[in-house]
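A.B. asks: Okay, handing you the structure first.
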Amino acid sequence: MLEKCCAVNLEQAMIDAPVLPAGISFFQRGWLSSNNVLLQDDEQAVLIDSGYWTHAQQTTDLVVHALRGAPLTRLLNTHLHSDHCGGNAQLQLVYPQLQTLVPPGHADFVFDWDPAALTYTPTGQHCPQFIATDVVQPGDRFAVSNREWVALAAPGHDPNSIILFCDELGILISADALWENGFGVVFPEIEGIEAFDEVSETLHVIETLNAKVVLPGHGGMFTDVYLALENARSRLSSFRKDPVKHANYAAKVMLKFKLLELQRISLADFLLWAEGCDYLRLLQTRYAPSLAFGDWALSMCEALEKSGAVRRDGHVLINV
Ligand SMILES: [Zn+2]
């Protein structure tokens, strides 16, 4: 998927946009980077999320190309996961006047940069340090092209995540709260904090919006919101019934994410990296205490291989 993303041609990346009104661009990225949404009018340009740091140049190219010389005035992060704000630092270099808004909750950890509290260290991911100029609160409103967008709280995948909705257009920017086929790992659950109820409440909030088009944090945009909600609820219910299923899903997502970044690594080095990852150790301790960490991590790699997400060539793991 990384190759697909890196090879993306700028014009190609824009072809998803024609169904959207003028002034709204949706950049669908590979799964390592979150998608980005660009809202612009004659006075301003607002970018929602900036992808993973290894793709920061591609994010910048997409934005520069779409703005045709106009400045990016505001960057807004739906939440602070590394794949949503990894391009912030580079965009701040390119656009020194850029206002950067982050959700509350973890905003202080951006002001006094704390990569552990921001989950970059425990997930074994990286995010170049950036500066937040302000906080976007649930209920905040802003207008682009005279169309109002409202920020709504969307806890679950991340306790402080926001989503953005434009009632006039029926467009929802759903971050990782709702994808066409599911939603993001419920990270608080990894730390033993119950959050499945919050996922459910957020899905309910989304349902009440009656959105016509959803621009998700990953995957393609979609219009069948009812079906997506049904899929998400069925997935949530299977996680509730069997929390180990969610734990294994979380572990495989984190391992696959790293492989998307590295592309290939020896199995021994990969297991060593995994052992230094607090969240993976937490998952093993909590959900597979009878297994040694190495055996558990190996079983997760084998599950990824079985599903075709990873290929093994001798002692080397290769991203597929
Ligand atoms: Zn996320």
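A.B. asks: At a 10 angstrom cut-off on C-beta neighbours, averaged per residue, how do the peptides 250-258, 150-158 rank from highest to lowest?
C.D. replies: 150-158, 250-258
A.B. asks: Just the number, please: carbon plus sulfur as a percent of the accessible area of segment 2-241, 1.4 Å probe, no ligands or DNA/RNA counted.
C.D. replies: 51
A.B. asks: Counting only heavy atoms of protein chains, what accessible area per residue, in Å², does segment 245-319 have with a probe of 1.4 Å?
C.D. replies: 48
A.B. asks: Mind listing which GluC sites (Glu not before Pro) in segment 182-235 are in a DSSP loop and have 15 or fewer other Cβ atoms within 10 Å?
C.D. replies: Glu191, Glu194
A.B. asks: Another one. Rounded, prolate or oblate for segment 2-241? Axes are the square roots of the Cα gyration tensor eigenvalues, ordered a ≥ b ≥ c, and the cut-off for rounded is a/c under 1.5.
C.D. replies: Cα axes put segment 2-241 in the rounded bin.
A.B. asks: Just the accessible area per residue of segment 166-221, please: how many Å² with a 1.4 Å probe?
C.D. replies: Using a 1.4 Å probe on heavy atoms only, each residue of segment 166-221 averages 36 Å².
A.B. asks: Treating cross-link reach as a plain straight distance, find the aspartates and glutamates whose alpha-carbon is under 12 Å from the alpha-carbon of Lys212, omitting any fewer than eight places away in the same chain.
C.D. replies: Hits, sequence-local ones excluded: Asp167, Glu168, Asp224.
A.B. asks: What aspartates and glutamates sit close enough to Lys241 to cross-link, taking a C-alpha to C-alpha distance under 19 Å and skipping anything fewer than 8 places away on the same chain?
C.D. replies: Glu189, Glu191, Glu194, Asp197, Glu198, Glu201, Glu230
A.B. asks: A further question on this structure: Taking Rh as the Kirkwood radius computed over C-alpha pairs, what is the Stokes-Einstein D of segment 124-235 at 10 °C in a medium of viscosity 1.306 mPa s, expressed in µm² per second?
C.D. replies: 108
The values are calculated or read from the model by the stated rules, or taken from the named source; none is laboratory data. On a predicted model such as this, the values are computed, not experimentally measured, just so you know. Because the Cβ atoms are built from the backbone with ideal geometry, glycine has one as well, and the counts that use them run over all protein chains shown. We work out accessible area using only protein heavy atoms, side chains counted, and drop any ligands, DNA or RNA first. Shrake-Rupley method; radii C 1.70, N 1.55, O 1.52, S 1.80 Å.
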